[in-house]
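Below is one structure, written out as structure tokens; the observations come after it.
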Amino acid sequence: MTTSAHDSPTDAPPHSATQRRVLTVLVASQILSGAGLAAGITVGALLAQDMLGSTDLAGLPTALFTAGSALAAVGVGRVSHSRGRRPGLAAGYLTGAVGSAGVVAAAAVGSAVLLFTALLVYGAGTATNLQARYAGADLAAPAHRARAVSTVLVATTLGGVVGPTLAAPAGVLADALGIPTLAGPFLLSGTAYGLAALVLLVRLRPDPLLLARRLEAERHAAGAATTAQTPDSSRGPGLVLGTLTMIVAQLVMVAVMTMTPVHMHDHGHSTVASGLMIGIHVGAMYLPSPVTGWLVDRYGRRTVAAAAGLTLLAAGCTAAAAPAHSVVLLALALALLGLGWNFGLVSGTAMITDALPPATRAKAQGMADVSVAVAGATGGLASGVVVSAGSFPVLALASGILALAILPAVAATAAGR
């Protein structure tokens, strides 16, 4: 495998300084990509509902860009495995920018086929935004790994909160350009993803994954350490529980989050109110990350994974019980939904990274994220059907109960240790 001079360990600053630099660059790119991610989430279901004239398929956009994120997770993981995090993440964000442009074009010409194709491509941005967390953990010590992951995740908060609030101004811009109003936020998404890719290409040097591999090889050669997998394995239950935790959290979160703007719209709430609600939700998804990372490192991966299941149950029950006119209770439900997802993602990511040495880490992480993305696509697609056949409270309650599946998995793993 060839590497550039920038990635040479002799040219790199000391390990801790390199990790700080990596985290700084990842934080900058995550702020940008967070805006791109949240802006599209805000209006995706509404745009499909407007173009199709039906609620039945309102969950299809989320299902499509989540399915697209599954495909992209494979690609980003493979590129990262063979060439490093920098080209892998940058390629993913550029693909997301292309998808955003496709959504705008589809809305402008009124083509549902082009819209759905573009949403599939747009999902690459979602996959890349999530996979960036692994880059934060590449050079982190096992005892601080969850906190490194959380640092990258929390950076998404600023962009994730600001993005939805710009939905209305972006709609005004779209009107001025002769584009349908609901396509406006995708103009913002494309720009944000493109800038995130540029930041990574220019500044993510040395590449954290390539450097982690070389540092591990040097330790082996010097006889100074055993494999990185040995101490890691003693810290967490492994790949299966970590992946399962993230799968359940993603499915529940996507299902409820997708249909909340539609539920609000059907009961007379404005797009601005829906955007604010999603902003609160995305903030809860990422803002608690530093605390979550500390909890995972301090009290263990499984403890926080169990907390994820209980928090998601509370979110589902709150959303189901909330009157349609109560913005406050719906906001609380979405905040709990985001927090439960955060617990699941940080604890699951730490478990997965614990179980994988740098030599095989990126490809396996990509495949784990494929499973998570497929779960999200399933939740997004099923959400519209459940609401159409039943109601939003039925969807919310069923999703919360499903989250309890994490608990017996945690208990079974604990019993087997």
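Observations on the model:
- Residue ID - nearest to the chain's Cα centre (by Cα), chosen from residues in the stretch 382-417 that are free of Cβ contacts under 8 Å to residues at least 12 places away in the same chain and more than 24 Å from PHE343 (Cα to Cα): SER391
- Tally, over the stretch 371-391, of residues that are surrounded by fewer than 24 Cβ atoms within 10 Å (Cβ to Cβ), touching a Ser or Thr at 6+ places or on another chain (Cβ under 8 Å) and more than 25 Å from GLN131 (Cα to Cα): 1
- Test: residue in the stretch 308-318 that is surrounded by fewer than 24 Cβ atoms within 10 Å (Cβ to Cβ), out of contact with any Pro (no Cβ under 8 Å at 6 or more places or on another chain) and more than 18 Å from LEU404 (Cβ to Cβ): no
- Every test in (1) within 18 Å of ILE280 (Cα to Cα); (2) within 15 Å of the chain's Cα centre (by Cα); (3) polar (S, T, N, Q) is passed by SER326 save one, and that test is (2).
- Checklist (1) modelled with pLDDT of 95 or more; (2) closer than 24 Å to PRO61 by Cβ applied to VAL386, failing item: (1)
- Filter result for the condition that a residue is hydrophobic (A, V, I, L, M, F, W, C) and buried (at least 24 other Cβ atoms within 10 Å of the Cβ), over VAL109, VAL149, VAL104, VAL121: VAL149
- Considering residues of the stretch 347-360 that are under 15 Å from ALA135 (Cβ atoms) and surrounded by 24 or more Cβ atoms within 10 Å (Cβ to Cβ) only, the residue modelled with the lowest pLDDT: THR353
- Checked against the criterion of being in contact with a helix residue (DSSP H, G or I) (Cβ under 8 Å, 6 or more places away or on another chain) and surrounded by fewer than 24 Cβ atoms within 10 Å (Cβ to Cβ), the candidates LEU60, LEU115, LEU52 yield just one match: LEU52.
- Yes/no for GLY99 being crowded, with 24+ Cβ neighbours inside 10 Å and within 30 Å of ALA355 (Cβ to Cβ): no
- Taken together, the residues in the stretch 242-264 that are of a type in the set (Gly, Ala, Ser) and surrounded by fewer than 24 Cβ atoms within 10 Å (Cβ to Cβ) amount to 0.
- Each residue in the stretch 117-137 was checked for being β-branched (Val, Ile, Thr) and either more than 13 Å from ASP369 (Cα to Cα) or outside any helix (DSSP H, G or I) (or both), and 2 of them qualify.
- Residue that is modelled with the highest pLDDT, among those in the stretch 309-337 that are under 11 Å from ALA396 (Cβ atoms) and either among the β-branched types (Val, Ile, Thr) or not in a helix (DSSP H, G or I) (or both): THR318
- Residue satisfying condition, being in contact with a Pro (Cβ under 9 Å, 6 or more places away or on another chain) and either on the phi > 0 side of the Ramachandran plot or not charged (D, E, K, R) (or both), within set MET285, MET367, MET277: MET277
- ARG298 being surrounded by fewer than 24 Cβ atoms within 10 Å (Cβ to Cβ), in a helix (DSSP H, G or I) and in contact (Cβ under 8 Å) with a residue 24 or more places away in the chain: no
- Taking the stretch 103-116 as the range and being closer than 17 Å to LEU187 by Cα and either in contact with a Cys (Cβ under 8 Å, 6 or more places away or on another chain) or assigned to a helix (DSSP H, G or I) (or both) as the test, the residues that pass are VAL103, VAL104, ALA105, ALA106, ALA107, ALA108, VAL109, LEU114, LEU115, PHE116.
- The sole residue among GLY99, GLY160 that is within 14 Å of the chain's Cα centre (by Cα) and closer than 16 Å to VAL43 by Cα is GLY160.
- Residue check, VAL256 at pLDDT 90 or above, farther than 22 Å from ALA375 by Cα and either part of a helix (DSSP H, G or I) or in contact with a His (Cβ under 6 Å, 6 or more places away or on another chain) (or both): no
- Checked against the criterion of being assigned to a helix (DSSP H, G or I), within 25 Å of ALA70 (Cα to Cα) and either free of Cβ contacts under 8 Å to residues at least 24 places away in the same chain or under 14 Å from the mean Cα position of the chain (by Cα) (or both), the stretch 140-149 has at least one qualifying residue.
- Residues of the stretch 385-401 that are assigned to a helix (DSSP H, G or I) and farther than 20 Å from VAL248 by Cα: SER388, ALA389.
The values are calculated or read from the model by the stated rules, or taken from the named source; none is laboratory data. If you're wondering where the values come from, they're calculated on a predicted model, not measured in any experiment. Because the Cβ atoms are built from the backbone with ideal geometry, glycine has one as well, and the counts that use them run over all protein chains shown.
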